[in-house]
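Presented below is the structure to which this report refers.
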Amino acid sequence: MRIFAMILGMLAAAPALADDKPGGLSIELNTITAASGACQLTFVAETSHPDGVEKVLFETVLFDKTGAVDRLTLFDFGKLPAGRPRVRQFLIPDLACADLGRILINGINECQAPGLETDACAAGLRATSRVDVELLG
């Protein structure tokens, strides 16, 4: 019976251990707001890397409601301190927010993180959305 209880305890702890990877990035699409001929995207970003991230630049693809690529752009999230959320806003000219179908983080153009490999920003990237527009990582 003791062995069974130990196994259950280990299984319950396993998902929590998997989420504690250093250097992981979390990006949430928080709001989308129309702004005079443009669409403003607001993101909340956070890193679990103990020393933070000095700079991260995402290659991002915007798709319309039909699934067609509207444009490819770069979002510079700048510096992300360890364990502290940061809000970043991007104004997309000539885009009606109602036409935006989904957003894809297509790649990492730049990642400067002390003590990590250059691809550390892509490893463990978690993308979520609070709005009807899907954010894929």
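Of the residues F63, F75, F90, which is more than 27 Å from G52 (Cα to Cα) and of a type in the set (F, W, Y)? Don't jump to the end; show me each part of the working.
Details: F75 fails: more than 27 Å from G52 (Cα to Cα); F90 fails: more than 27 Å from G52 (Cα to Cα).
It is F63.
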Residues in the stretch 43-89 that are in a loop (DSSP other than H, G, I, E, B), of a type in the set (D, E) and surrounded by fewer than 14 Cβ atoms within 10 Å (Cβ to Cβ) total 0
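Being modelled with pLDDT under 90, loosely packed, with under 10 Cβ neighbours inside 10 Å and small (G, A, S) narrows it down to one residue among A13, A18; which is it?
On the way: A13 fails: loosely packed, with under 10 Cβ neighbours inside 10 Å.
So the residue among A13, A18 that is modelled with pLDDT under 90, loosely packed, with under 10 Cβ neighbours inside 10 Å and small (G, A, S) is A18.
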Residue selected from the stretch 91-137 under the condition modelled with pLDDT of 95 or more, assigned to a strand (DSSP E or B) and touching a Cys at 6+ places or on another chain (Cβ under 9 Å), by the criterion nearest to T47 (Cα to Cα)
L91
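The values are calculated or read from the model by the stated rules, or taken from the named source; none is laboratory data. Note that the structure is a prediction, hence the values are computed from the model and not measured. Quick reminder, even Gly has a Cβ in these numbers, built from the backbone with ideal geometry, and neighbours come from all protein chains shown.
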